[in-house]
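Student: Handing you a structure now.
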Protein chains: 2
Amino acid sequence: MNETIVSRQALSRMPAYLQYLHMIDKLGRAFVTATEVAEALRLNPIQVRKDIAAVSKKPGKPMVGFCVKELIRDFNEFLAYENVKDAVLVGTGALGSALLNYSGFSGCGIRLAAVFDKDPEKIGKRIGGHTVSDAGELAGFCRKSGILIGIVAVPDYVAQGVCDQLVAGGVRAIWNFAPAHLSVPGDVILQNENLVASLTVLSKRLAERLEQKQ
Amino acid sequence: MNETIVSRQALSRMPAYLQYLHMIDKLGRAFVTATEVAEALRLNPIQVRKDIAAVSKKPGKPMVGFCVKELIRDFNEFLAYENVKDAVLVGTGALGSALLNYSGFSGCGIRLAAVFDKDPEKIGKRIGGHTVSDAGELAGFCRKSGILIGIVAVPDYVAQGVCDQLVAGGVRAIWNFAPAHLSVPGDVILQNENLVASLTVLSKRLAERLEQKQ
């Protein structure tokens, strides 16, 4: 129905809309206006109206707004959250463990099917509700279980090897936390989460701001 | 000297350049061409040339390229990595602990001055080489120590309160990991690291790709 092309920026705002809608739904609110959503999330109302129009099947009623439950359903459907996809996590160091314990994923349409590490000390141990599997079995497991998403949380110098195993296992999207540039075939989605790069941007913006003040 | 306005995308590529330059410097390489950098990092050579031109004081020599050590110095200077800034981390849950143990920050020009939590069970304990301080002392500590950067790794429902304390303490930039929209004064830089939003973008891109195949 709604095949509007939506920008990455718009997509990245949508979890916040859903979070807010779930909150007011719990409080018993039946309707909400785009202006209220914008004010609550400190966003531009025009932007919010446009984002809602991209996912919602029904226009809002004047003065009343949108039905909260319908809007939740529309966002869930648009974000394909109801269409749960299986993922594996590779690496159970500090970052991998944090990801395992990160509560935010549960509502994202991602199910963590298995967790891998190559450290014999960790294989077989339980972390965050998962038994750690041998990284040597990664490609075989992905292939057999139809895993679509691989989360890479290993040191940078082994990241490409892990990525290659995931691709060999038929994984279609890689979420990479290693500060390394990975090479993937054209039909595999690669999304890098480079915290150093992000901190560099912050640090540089701060330096520029401080220079302006001088 | 080089006051070219550089995009966030360009900035976020620079840590990878530095990483690669340090690597070949250790291997004893004296010169490198933009094409080599582009090939090693699987980037567009025109983009790499433009990025280097934005930070480098000297043009590369034809056929020889850039002096590796000079290029490292130029990137460090441009990124203000040498101008170390003090930061505090608030929240020592799974994500906060992972950030404490994340090795990538050390080279970023950020020094973690202190770590805070409000949990009495955690205050006074050692985590990742830091003794956890009482979050009640956050604003006072930041003010007294001239802290410039606050890293927020607390649950979303307390994030705004922590942010307000950081701002009250004179912090000029906030790196927010809580999946919450924070409100800051106009002269404070806010950078959100929303993993749920990021995973949503990945999941949606994957869903679209899978639909195309059908």
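The values are calculated or read from the model by the stated rules, or taken from the named source; none is laboratory data. All values reported here derive from a predicted model rather than from experimental measurement. As a convention, Cβ positions derive from the backbone with ideal geometry for all residues, glycine included, and neighbour counts pool all protein chains shown. Keep in mind that these areas ignore ligands, DNA and RNA; they rest on the heavy atoms of the full protein, side chains included. Shrake-Rupley method; radii C 1.70, N 1.55, O 1.52, S 1.80 Å.
Student: Can you list the HN-Hα couplings for the stretch A:41-49, worked out from phi with the Karplus curve (6.51, -1.76, 1.60; θ = phi - 60°), rounded to whole Hz and with x for Gly and Pro?
Tutor: Along the stretch A:41-49, the couplings run 9, 6, 10, 6, x, 5, 4, 4, 4 Hz.
Student: Which residue, chosen from A:Ile123, A:Gly96, A:Ala30, occupies the Cα position most advanced towards the positive end of the dipole of the stretch A:26-154, where the dipole is computed from +1 (Lys, Arg) and -1 (Asp, Glu) charges on Cβ about the Cα centre?
Tutor: So the residue furthest toward the plus end is A:Ala30.
Student: Whole-Hz ³J(HN,Hα) for each residue in the stretch B:138-154, computed from phi via Karplus 6.51 cos²θ - 1.76 cosθ + 1.60 with θ = phi - 60°, x for glycine and proline: what do you get?
Tutor: Once rounded to whole Hz, the list reads 4, 4, x, 5, 4, 4, 5, 9, x, 5, 9, 10, x, 9, 9, 10, 10.
Student: Same structure, new question: How do the peptides B:63-73, B:161-171 rank, highest first, by the average count of neighbouring beta carbon atoms within 10 Å per residue?
Tutor: On the way: B:63-73: 16.5, B:161-171: 20.2.
Descending mean neighbour count gives B:161-171, B:63-73.
Student: Identify the trypsin sites (Lys or Arg not before Pro) of the stretch A:124-203 meeting these criteria: DSSP loop state and at most 11 other C-beta atoms within 10 Å of the C-beta.
Tutor: On the way: sites: A:Lys125, A:Arg126, A:Arg143, A:Lys144, A:Arg172; in loops: A:Lys125, A:Arg172.
The qualifying sites: there are none.
Student: Please compute the average number of Cβ atoms from other chains found within 10 Å of each residue's Cβ in peptide A:7-18.
Tutor: Details: counts 1, 6, 2, 1, 8, 9, 4, 5, 9, 9, 0, 2.
Other-chain Cβ atoms within 10 Å of each residue's Cβ, averaged: 5.
Student: Spelling out what I want: for every residue of the stretch B:174-179, take phi, set θ = phi - 60°, compute 6.51 cos²θ - 1.76 cosθ + 1.60 (Karplus), and round to whole Hz; glycine and proline get x.
Tutor: 10, 10, 9, 9, 6, x
Student: Okay, moving on. Using just the helices of chain B, give the 222 nm mean residue ellipticity in deg cm²/dmol: DSSP H runs with n ≥ 4 each add -39,500 (n - 2.57), and the total is spread over all residues, rounded to 500. Write out the running numbers ahead of the final one.
Tutor: Values: 8 runs with 97 residues, N = 214.
About -14000 deg cm²/dmol.
Student: Taking a threshold of 22 Å on the Cα-Cα distance, which of the pairs A:Lys118/B:Lys125; A:Lys26/A:Lys69; A:Lys204/B:Lys118 fall above it?
Tutor: Values: A:Lys118/B:Lys125 30 Å; A:Lys26/A:Lys69 10 Å; A:Lys204/B:Lys118 30 Å.
Over 22 Å apart, Cα to Cα: A:Lys118/B:Lys125; A:Lys204/B:Lys118.
Student: For the stretch A:38-188, with only Lys/Arg (+1) and Asp/Glu (-1) charged at the beta-carbon, what is the dipole magnitude about the Cα centre, in debye rounded to 20?
Tutor: Values: 17 positive and 15 negative charges, 130 e Å.
Roughly 620 debye for the stretch A:38-188.
Student: Could you give the radius of gyration (one decimal) and Dmax (whole number) of the Cα atoms in chain B, in Å?
Tutor: Rg, Dmax (Cα atoms, Å): 20.5, 62.
Student: Turning to a different aspect of this structure: As I understand it, the value is the acute angle between the Cα axis of helix B:195-213 and the longest principal axis of the Cα atoms of chain B; what does it come to in degrees, rounded to 10?
Tutor: Rounded to the nearest ten degrees, it is 50.
Student: Round to the nearest 10 and give me the degree value, 0 to 90, for the angle of helix A:8-26's Cα axis relative to the longest principal axis of chain A.
Tutor: With rounding to tens, the tilt is 70 degrees.
Student: Also, quick follow-up: Please list the non-local residues whose amide H lies under 5 Å from the amide H of A:Phe116, H modeled 1.01 Å from N, same-chain partners needing a gap of 5 or more.
Tutor: Under 5 Å from the amide H of A:Phe116: A:Leu89, A:Val90, A:Gly91, A:Ser133.
Student: For the stretch A:171-211 and the stretch A:28-57, compute the distance between their C-alpha centroids and round to whole Å.
Tutor: Between the Cα centre of the stretch A:171-211 and that of the stretch A:28-57, the gap is 30 Å.
Student: Let me ask something additional. Of B:Phe177, B:Leu43, B:Ile110, which is farthest towards the positive pole of chain B's charge dipole, taken about the Cα centre with +1 and -1 on the beta-carbons of Lys, Arg and Asp, Glu respectively?
Tutor: B:Leu43
Student: Rolling a 1.4 Å sphere over the protein heavy atoms, what is the accessible area per residue of chain B, to the nearest Å²?
Tutor: 48
Student: Follow-up question, since we're still on this one. Can you tell me how the protein assembly as shown classifies by the Cα gyration tensor, rounded, prolate or oblate, using a/c under 1.5 as the rounded cut? Before the final figure, lay out the partial values.
Tutor: On the way: a/c = 1.39, a/b = 1.18, b/c = 1.18.
Verdict is rounded for the protein assembly as shown.
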